[in-house]
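The values are calculated or read from the model by the stated rules, or taken from the named source; none is laboratory data. Since the structure is predicted, the reported quantities are computational estimates derived from the model, not experimental observations. All Cβ positions, even for glycine, are placed from backbone atoms using ideal geometry, and neighbour counts span all protein chains on display. Only protein heavy atoms, including side chains, enter the accessible area calculation; ligands, DNA and RNA are left aside. Shrake-Rupley method; radii C 1.70, N 1.55, O 1.52, S 1.80 Å.
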Amino acid sequence: MSESQVSFDRLVEMERKISAVQSIPEKVALCTHLARLAFQAGELQRAENACEQVFELSQALGPDGNTYLDLTGGALVIWGKILLDSGEPLQAKSVFKQALTYLGEDQPDFYLVTCVLGLTWIELRASNLPEARVLLDKAIRMVDELPDEPLVRMQCYSYQAYMMEETGFFDKALEFYRAANAIAVSERESLSEVKILNNQVLTMLAYGHAEEALLLLPELEKLGSQVSDLYRQYFEDTIGQVYLALNDYPRAIQFFKRVVDASIASGKPNLGVESSINLSKALCQVGEYEQAILYAQAGLEILEDMGEVFLLCDTHGLLASIYEQTGDYRRALMHHKQHHALGETKYSRETLQKISDLTASFQAEASRKDAEILRLKNLALVQELEQHQRGSKELEKLASTDPLTGLLNRRSLFTLMGQLLTVAEKEPVRKFSIAILDLDHFKQINDQHGHLVGDQALVEFA
């Protein structure tokens, strides 16, 4: 019998037991445990149903329900995890915060640590590394008091790996992922194995090791075949990213398109938002600019609701590049400005994180090296900002002037006239006039000497 069949049979048996129990408090306890087991097995709908049953039963307990606040809080934690895995980080954060009011923080257990780790992941994804570091340190201290909870320790290792990756320690990140994977294997957590291996591949890609990442794809696909469609989308996007990094655009498009279509079909487009952006990048490489714009715009709308600063910044930059290549300088300028503004926020957070890391450094030599890294990053930031400003000025010039004569174009004329009319309405005594100049016999110049000479005449007149 397969591991997944064992998990399924165990869940079904627990549901039967819940149906046979008459005591409401006992039902609450069993439903909370069922929600936990179902979530760990990747049975999100079953976990969601169990959570809803806990909430209904807690209300039925009336005043006595206060005695079971920790169980209700546990169900809220699982509910938050379901929302997180379903691509709803803002809703998940609200649920986790509510769960903390039920659980308290005096007696650490599986649910409390999982709740803190859930909040940690949300802050990591929002690129709020200082707050994520505080939450992760709290979770690690709690885990040290829970020797019989290997799965929460596994989560801690995974998040420590992600933190190491975000702060530039590639080897350390892989070390934590290997430690997390060892627990997943020993606990026969196939879903966790897929997630951890998926993150290892992404880490390798982030540090330019696409060829090494490619070697892990057969194992990733093998493990991924055992999980639900929801989680299969995550590793298929990762496979697409590997092929994109290796310039195999047809394969990359195939995997990204599959994820986007599946997320739309499931009614959860949030899950396919990163694939939508990656698909846009791949389409650009094969010259499909119209399709690239459609997918990038669709992803942008979702990201604005999710508050994903890094991805928002990259997507505006991608759209600015596409519009510039297609000659739509007005839209290119608009997205370029958004990219620039979000880029400043992004780099400010990175700088604050680096300062925090330096403050917490244990060795003087490590602090010196980190300070040098910070100096180089700040230098790179200054250079990039200067480049952005130069690009912004150039785009602004292209969007507002006539390329032949260098004079302001119609768009600029309307803008200027709007400003003058506003001033005139506020200050009637101030007057302005409009002069229209016309070149006599200009058509004859074009007809007799050609359009190049006609263009030169316009330039001279201008």
Kindly indicate the residue of segment 303-319 that is at pLDDT 85 or above and among the aliphatic types (A, V, I, L, M) and also nearest to I122 (Cα to Cα) among those meeting that condition. L318
Cβ contacts < 8 Å: first residue over 16 Å from V260 (Cβ atoms), restricted to segment 274-290; second residue in a helix (DSSP H, G or I) and open to solvent by 70 Å² or more (accessible area, probe 1.4 Å), any location; separation 6+ or different chain. Result? V286/P250; Y289/Q325
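Could you say whether any residue in segment 175-182 is open to solvent by 30 Å² or more (accessible area, probe 1.4 Å), assigned to a helix (DSSP H, G or I) and within 22 Å of I82 (Cβ to Cβ)? It would help to see each step written out before you state the result.
Initial filter on segment 175-182 (open to solvent by 30 Å² or more (accessible area, probe 1.4 Å)): 175-176, 178-179, 181-182.
With assigned to a helix (DSSP H, G or I) added as a condition, the list becomes 175-176, 178-179, 181-182.
Narrowing further to those that are within 22 Å of I82 (Cβ to Cβ): none.
Within segment 175-182, none of the residues are open to solvent by 30 Å² or more (accessible area, probe 1.4 Å), assigned to a helix (DSSP H, G or I) and within 22 Å of I82 (Cβ to Cβ).
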Looking at L129, is it open to solvent by less than 60 Å² (accessible area, probe 1.4 Å) and touching a residue at least 60 places away in the same chain (Cβ under 8 Å)? yes
Within segment 183-211, track down each residue that is assigned to a helix (DSSP H, G or I), open to solvent by 20 Å² or more (accessible area, probe 1.4 Å) and either farther than 16 Å from F235 by Cα or touching a Gly at 6+ places or on another chain (Cβ under 7 Å) (or both). I183, V185, S186, E211
Number of positions in segment 73-100 that are open to solvent by less than 40 Å² (accessible area, probe 1.4 Å), touching a residue at least 40 places away in the same chain (Cβ under 8 Å) and of a type in the set (A, V, I, L, M, F, W, C): 4
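How many residues are open to solvent by less than 60 Å² (accessible area, probe 1.4 Å) and out of contact with any Gly (no Cβ under 9 Å at 6 or more places or on another chain) when one looks only at segment 248-266? If you could, list the steps in order and put the result at the bottom.
Within segment 248-266, the first condition is being open to solvent by less than 60 Å² (accessible area, probe 1.4 Å), and the residues that meet it are 248-249, 252-253, 255-256, 259-260, 262-263.
Subset that is out of contact with any Gly (no Cβ under 9 Å at 6 or more places or on another chain): 248-249.
Residues flagged as open to solvent by less than 60 Å² (accessible area, probe 1.4 Å) and out of contact with any Gly (no Cβ under 9 Å at 6 or more places or on another chain) within segment 248-266 amount to 2.
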Hey, among L216, L220, which residue is open to solvent by less than 60 Å² (accessible area, probe 1.4 Å), part of a helix (DSSP H, G or I) and more than 27 Å from E88 (Cβ to Cβ)? L216
Of the conditions (1) over 35 Å from the mean Cα position of the chain (by Cα); (2) at pLDDT below 75, M14 fails just one. Which one is it? (2)
Just checking, does segment 420-431 include any residue being touching a Lys or Arg at 6+ places or on another chain (Cβ under 7 Å), within 29 Å of M334 (Cα to Cα) and of a type in the set (S, T, N, Q)? no
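Only residues that are open to solvent by 20 Å² or more (accessible area, probe 1.4 Å) and under 15 Å from W121 (Cβ atoms): list them for segment 137-150, please. If you could, list the steps in order and put the result at the bottom.
Of segment 137-150, the ones open to solvent by 20 Å² or more (accessible area, probe 1.4 Å) are 137-138, 140-141, 144-150.
Scanning segment 137-150 gives D137, K138, I140.
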Exactly one of these conditions fails for Y231: (1) open to solvent by 50 Å² or more (accessible area, probe 1.4 Å); (2) under 29 Å from E131 (Cα atoms). Give me its number. (1)
State which residue is farthest from G104 (Cα to Cα) when the search covers only segment 65-83 and only residues that are in contact with a helix residue (DSSP H, G or I) (Cβ under 8 Å, 6 or more places away or on another chain) and modelled with pLDDT under 80. G65
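Check segment 210-227 and report whether any residue there is farther than 27 Å from A332 by Cβ, touching a Lys or Arg at 6+ places or on another chain (Cβ under 7 Å) and touching a residue at least 24 places away in the same chain (Cβ under 8 Å).
So the first thing to find is which residues in segment 210-227 are farther than 27 Å from A332 by Cβ, and the list is 210-227.
So of that shortlist, the ones also touching a Lys or Arg at 6+ places or on another chain (Cβ under 7 Å) come out as 224.
The next check asks that each one be touching a residue at least 24 places away in the same chain (Cβ under 8 Å); those that pass are 224.
Within segment 210-227, one or more residues are farther than 27 Å from A332 by Cβ, touching a Lys or Arg at 6+ places or on another chain (Cβ under 7 Å) and touching a residue at least 24 places away in the same chain (Cβ under 8 Å).
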From the residues in segment 275-292 that are open to solvent by 30 Å² or more (accessible area, probe 1.4 Å) and in a helix (DSSP H, G or I), which one is farthest from E212 (Cα to Cα)? E290
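Taking only segment 155-174 into account, find how many residues are among the aromatic types (F, W, Y), farther than 21 Å from G118 by Cα and in a helix (DSSP H, G or I). Walk me through how you get there before you give the answer.
Keep residues of segment 155-174 that are among the aromatic types (F, W, Y), which gives 157, 159, 162, 169-170.
Then keep just the ones that are farther than 21 Å from G118 by Cα; that gives 169-170.
Still in the running and in a helix (DSSP H, G or I): 170.
Going through segment 155-174 one residue at a time, the tally reaches 1.
For segment 101-114, give me each residue that is open to solvent by 40 Å² or more (accessible area, probe 1.4 Å) and outside any helix (DSSP H, G or I).
Applying the first criterion (open to solvent by 40 Å² or more (accessible area, probe 1.4 Å)) to segment 101-114 yields 101-102, 105-107, 109.
Across segment 101-114, the qualifying residues are E105, D106, Q107, D109.
So which of G240, G272 ends up being closer than 25 Å to L215 by Cα, modelled with pLDDT of 90 or more and open to solvent by less than 10 Å² (accessible area, probe 1.4 Å)?
G240
Does Q59 qualify as being open to solvent by 40 Å² or more (accessible area, probe 1.4 Å), farther than 22 Å from M154 by Cα and either charged (D, E, K, R) or at pLDDT 80 or above (or both)?
It is false that Q59 is open to solvent by 40 Å² or more (accessible area, probe 1.4 Å), farther than 22 Å from M154 by Cα and either charged (D, E, K, R) or at pLDDT 80 or above (or both).
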Within segment 320-338, is even one residue surrounded by 15 or more Cβ atoms within 10 Å (Cβ to Cβ), at pLDDT below 70 and assigned to a helix (DSSP H, G or I)? no
